[in-house]
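Each remark here refers to the structure printed beneath this line.
The values are calculated or read from the model by the stated rules, or taken from the named source; none is laboratory data. The shown structure was predicted, so the numbers you read here are calculated from the model rather than taken from an experiment. When we count neighbours, we look across all protein chains shown, and the Cβ atoms used for this are built from the backbone with ideal geometry, even at glycine.
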Amino acid sequence: MIHSSTPYDRHTYPDGFISKAGKTLATEKIEVEYKTFFLDLQENHRGRFLRITEDAGGRRETIIIPIENAPEFTAGVKRIVTAVP
């Protein structure tokens with residue numbers, strides 16, 4: 001089951017949250033089975049970036065994609081998802 005929350009619900013960051021990584025501009029939370037994914041658009045002195053975090057039972061893994069590379073990344077994901085019937 002996939003559940004996508006609305007931005008800024010009680011489980012995600014408030015508008016304009018500032019962490020060590022920078023200011024959070026937008027966020028989404030997606031729950032898939034026992035995993036939770038956080039998609040955060042953030043900004044710091046070096047620019048904007050997408051932070052994707054997977055939380056599986058308290059263990060977290062994160063990747064960071066510069067915003068200028070986001071279209072290439074999402075296009076790659078779409079190609080992979082549609083490659084297998």
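Here are the numbers for the structure shown:
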quantity	calculated
Criterion: under 24 Å from Val77 (Cβ atoms), in contact with a Leu (Cβ under 9 Å, 6 or more places away or on another chain), in a strand (DSSP E or B) and at pLDDT 95 or above - qualifying residue of Thr62, Thr53	Thr53
Test set (1) modelled with pLDDT under 95; (2) closer than 20 Å to Ile63 by Cα - Ser5 fails condition number	(2)
Segment 43-70 - residue that is within 13 Å of Gly22 (Cα to Cα) and more than 14 Å from the chain's Cα centre (by Cα) and, of those, surrounded by the most Cβ atoms within 10 Å (Cβ to Cβ)	Asn44
Residues (more than 20 Å from Glu28 (Cβ to Cβ) and small (Gly, Ala, Ser)) located in segment 48-61	Gly57, Gly58
Residue within segment 10-24 that is touching a Lys or Arg at 6+ places or on another chain (Cβ under 9 Å), modelled with pLDDT of 95 or more, assigned to a strand (DSSP E or B) and surrounded by 14 or more Cβ atoms within 10 Å (Cβ to Cβ) present	no
